[in-house]
Amino acid sequence: MAVKFFVFALMICGAAALFEPIAESHRSAAIELFVPNEDGSYGSVEETYQALRSFHVLGIEPTGSAEICLLSFESLRSSSGPAKDIFYALKIMEILKCSSEEPHLIKGILSKLQSNLKDANSLLDYYYAIGGLVSIKNEKWISESSTNLEDASNIFHSIKTLSQSDGTWRYTSSEGESSPHAAGLALEALAGVLSLTESNIERSMIGVVKNDIVKLFDSLEDYDDGSLYFAEKPVDAISGNGGSLSATCSVVRGVTAFAAVIPEKLNIPEDKVVGIAKFFLSISVPGSSTEMYHQLDSLGNLEKNSVTIPLVPSLSATTLSLTSGDRLKVRVSTVLGSTTPRMVVNLIHAIKSNSKDAPIIHNQKLDFNPESLDYTLDFLTRRVDVGKYDLTFEVFPEDADSDMYSAGGQIQALVAVTGIIKISNTEIAVLDSDTGSAETIKKLDLSKEETVSLSANHLQKLQLSFRMTSPAGGSFKPHQVFLRLRHESNVQHIFLLKPSGKKFESVLDFLGLVEKFDYLSGGYTLELAVGDSAMENSFLKFLGTLELDLPEAPENTARPRPAVPDLASRFAPKPEITHIFRVPEKLPPAQLSYTFLALTSLPFLGFLIGLWCLGANLKNFPSTGLPMVSALLFHLGILAVLVLYVLFWIKLNLFTTLKYLGFLGIFLVMVGHHILSHLAYMSSKVKTN
C-alpha cells in the first residue's frame, strides 16, 4: 500500500563516541584491495610491503611468499636501485623471514647503506639508510657488530637539527616548512640510531626529543566524535605524503618506535592516544589499499606500544527490548579486536534523552561474563520505559599491573529501549456540525479484528480518538499517526493526528473538506497508521467503512483528481518486445569480391605507368631552406585530406569531416601559396637567364 512508508522503525545507532574494533570485514576487504600480480608482487616494492604489512597485522598468510622473497633479492642486487627500494625490500624480507643464502649480497647492501648514511643530507636519506640497517640487524643476517654505528651521536644530532620548536621536523635543512609527517619519520630514524649503537646517547638529547614529542601532540586537531589527528601540511602534499591519515600514521609509527628503545615512559596523555585510535577506527573499512595500509599499520603499532594501549568499548546491541528482557552488554577489546585483561566497567549514570528528569541509574558496576567475555547489566529492570537513553561509562583495569590499558576517560553511548504500546479508549463518532453532539459513537478494540460501519453527510463531522500507554504506564506519543480515507474510486486522503492532552484526537469537518474531497460521495474505507521507533507493535489497521453523502459539484468545477496509480503495476516488468529483423541479403563469394578489388586498382597502376612514360620526376622539388619545408607540408596536407576521406567513409559524420577539412584547407592554402610562389619565382629566373 502507498501509505506503508509511514509505518516504519528507525534504526538507532550508538553515540559517536563508540567505535568498532577491526573485524572480519577488514580481512575480506584487504584480500579484495591487495591483489597480487602474475609475478607474485603487489605492484612496486613499496606497494608490496604495504600489502604484506597489512596482512601481517590482520594475521593473514600471504600467497607466493617464496616468489616475493626472490623479487626482493632482485631489488637488492640492482646496484643502481634507489635507497627507498632497498629499504622496502629489506622490510619485506623481515616480514616474510626470508632466508639469506648470499651473505656477500647483504654485506654489499650494508656497505651501501653505511655509505648513504655518511653522505646523507636530508631526512629521507637518514630514514631509508637507518631503517635498512635496523632490518639487517633484526634478522641477524650478519654479525650484530657490523651494523653498529660508530658515530651514532653525530648522526643523532644531525637528525635533531631538523626539528622545530613546535615538535615538527623539516625534510631538509634548507627547506623552511616543517610537518608532523616528517616528525614521524625523524622519530623512527632516531629510534633506529638508538638501537644501532652500543654507546649511550646523552640523556639530555633524549630528554629534548621527549619534550618535542609532547609539543607535537599539543598540535593535534579534533573532530566532534572525539577522534584526534595530525593535519596535513603543504610540504607533505608536494613530497607525495599528503593527507591527515598518512601524517597521523607516520607520527604513530615514529612515536611507538622511539618509545620502545628508551628506558623511560613517554609523557603522552592517555586520552590523546585513545583519540588517535578513534581517528583510525572512525574510517571503518577503507576503500583504497593505501588507506587500508595506513589504518592497519597505525592500529598494529597502537596494539603493541609501550605508552598506552587503547581500549575499545562497544555495545553488543544498541536497541534493547522490554518484551524480550534484553540485558545491556558491553564488550571491551583492543583496537584489533583482541581480548584484554579483566576490566572494571561502571555505568556512571543513565539519563533519558532530552529529559530534565534525574538519572535512573548511578554508579552501577557491570557483571563480567567469563564465557562471552561481556560486561552485562540488567538495565531494563531499573525503572526504564521505552525511549532513548544517554549512557556514560568508565572503563579501567581491574589489576594495577595492567595500567597501560586506557579507554581515554568517560565513554558516551546511546541506546534505544523498545516495547509493546497499549492502545485503549478508541472511539470513532459522527458529530453534528452545529451542536457538536454525537449522533453515532462506536468503540473499538484495536487489538482485535473489529470494524465499524458509519454514514455521514457534509453537515456532520467525524471524530477519532484513542490513548496510547507505554509499558511503564506513561502516556506515549508516537512519531507518526495518520488516518487515511480511501474512496471506492481509489482516490485517497491522508490526515495527521495530533496529541491532545493524554490522547490522540482528530475531527474531520466534512463541510470544510467538500472541495478537498472533490465532491465525491460514496463509500470510503478508514485506515489508521501508527509508527514509532520505540514501538514493537507499529501497525496499519483497517477500521471500517464510511458512507459519505456530499453535495453535487457546482458547474465549471474542476474534474476530480485522478486516482493514485498502483505503484506495483506501474513498476512491474513490461511485456517483452520481440524484434523482427530483415533477413540478410545474399553476398557474392569472397573470391569474386577480391577480383573486383584488383580490377578497380588497375586504373591507379595505369596512372603510375603513365607518369613514368611521360618522364615525370622530382627535379623541381625544393631541396633546401623554407621552400623545401613548405613543399613537404603541402604534400603531407594532401595526404591528410586523403586520410580524412577514408575516416569519413569508416567512422566520421559529415559535419565532423567538414570541420576538420576546413582547418586542413586553410593550412594547404598557406603552404601551397608559399611553394607555388617559390616555383613561379624560380621559373621566371630561369627564363630571364
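The values are calculated or read from the model by the stated rules, or taken from the named source; none is laboratory data. All values derive from a computational prediction rather than experimental measurement. Glycine also receives a Cβ, built like all others from the backbone with ideal geometry; neighbour counts cover every protein chain displayed.
Things worth noting here:
- Failed criterion for Val134 (all others in (1) without any contact (Cβ under 8 Å) to a residue 60 or more places away in the chain; (2) over 28 Å from Ala231 (Cα atoms) hold): (1)
- Any hit, segment 425-445, residues being over 29 Å from Gly512 (Cα atoms), under 51 Å from the mean Cα position of the chain (by Cα) and not assigned by TED's automatic domain parsing to the domain that holds Val332: yes
- Applying the criterion of being over 21 Å from Glu515 (Cα atoms), hydrophobic (A, V, I, L, M, F, W, C) and in a strand (DSSP E or B) to the residues of segment 460-482, the residue that is nearest to the chain's Cα centre (by Cα) is Val481.
- Segments classed as helices (runs of 4 or more DSSP H), wholly inside segment 101-186, with at least 1 members that are out of contact with any helix residue (DSSP H, G or I) (no Cβ under 7 Å at 6 or more places or on another chain), surrounded by fewer than 17 Cβ atoms within 10 Å (Cβ to Cβ) and basic (Lys, Arg): 103-118
- Failed item in (1) under 43 Å from the mean Cα position of the chain (by Cα); (2) assigned by TED's automatic domain parsing to the domain that holds Ala189, with Gly132 passing the rest: (2)
- Single residue of segment 317-327 satisfying the filter (of a type in the set (Val, Ile, Thr) and assigned to a loop (DSSP other than H, G, I, E, B)) that is surrounded by the fewest Cβ atoms within 10 Å (Cβ to Cβ): Thr323
- Subset tally (residues that are under 18 Å from Arg484 (Cα atoms) and part of a loop (DSSP other than H, G, I, E, B)) for segment 431-448: 1
- Residue within segment 327-337 that is under 22 Å from Phe19 (Cα atoms), touching a Cys at 6+ places or on another chain (Cβ under 7 Å), in contact (Cβ under 8 Å) with a residue 24 or more places away in the chain and outside the structural domain of Val57 (by TED's automatic domain parsing) present: no
- Scanning segment 78-99 for residues that are surrounded by fewer than 18 Cβ atoms within 10 Å (Cβ to Cβ) and over 24 Å from Leu124 (Cβ atoms) yields Leu96, Lys97, Ser99.
- Some residue of segment 450-459 being in a strand (DSSP E or B), at pLDDT below 90 and either under 30 Å from Pro310 (Cβ atoms) or acidic (Asp, Glu) (or both): no
- Qualifying residue in segment 372-383 (condition: surrounded by fewer than 16 Cβ atoms within 10 Å (Cβ to Cβ) and under 27 Å from Lys304 (Cβ atoms)): yes
- Matching option when the condition is outside any loop (DSSP other than H, G, I, E, B) and under 21 Å from Leu124 (Cβ atoms), among Ala277, Ala257: Ala257
The rows are residues; the columns are (1) touching a helix residue (DSSP H, G or I) at 6+ places or on another chain (Cβ under 8 Å); (2) part of a strand (DSSP E or B).
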site: Lys329; (1), (2): no, yes
site: Val332; (1), (2): no, yes
site: Thr339; (1), (2): no, no
site: Val345; (1), (2): no, yes
site: Ala350; (1), (2): yes, yes
site: Ser355; (1), (2): no, no
site: Pro359; (1), (2): no, no
site: Asn363; (1), (2): no, yes
site: Arg383; (1), (2): no, no
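- The residue list Phe393, Phe368, Phe279 contains one member that is in contact with a strand residue (DSSP E or B) (Cβ under 7 Å, 6 or more places away or on another chain), buried (at least 20 other Cβ atoms within 10 Å of the Cβ), outside the structural domain of Leu266 (by TED's automatic domain parsing) and among the aromatic types (Phe, Trp, Tyr), which is Phe393.
- Val252 being aliphatic (A, V, I, L, M), buried (at least 20 other Cβ atoms within 10 Å of the Cβ) and out of contact with any Lys or Arg (no Cβ under 9 Å at 6 or more places or on another chain): yes
- Pair list, Cβ under 8 Å, 6 or more apart: segment 357-377 residue closer than 20 Å to Ser314 by Cβ, other residue hydroxyl-bearing (Ser, Thr, Tyr) and surrounded by fewer than 16 Cβ atoms within 10 Å (Cβ to Cβ): Leu373/Thr339; Asp374/Ser316
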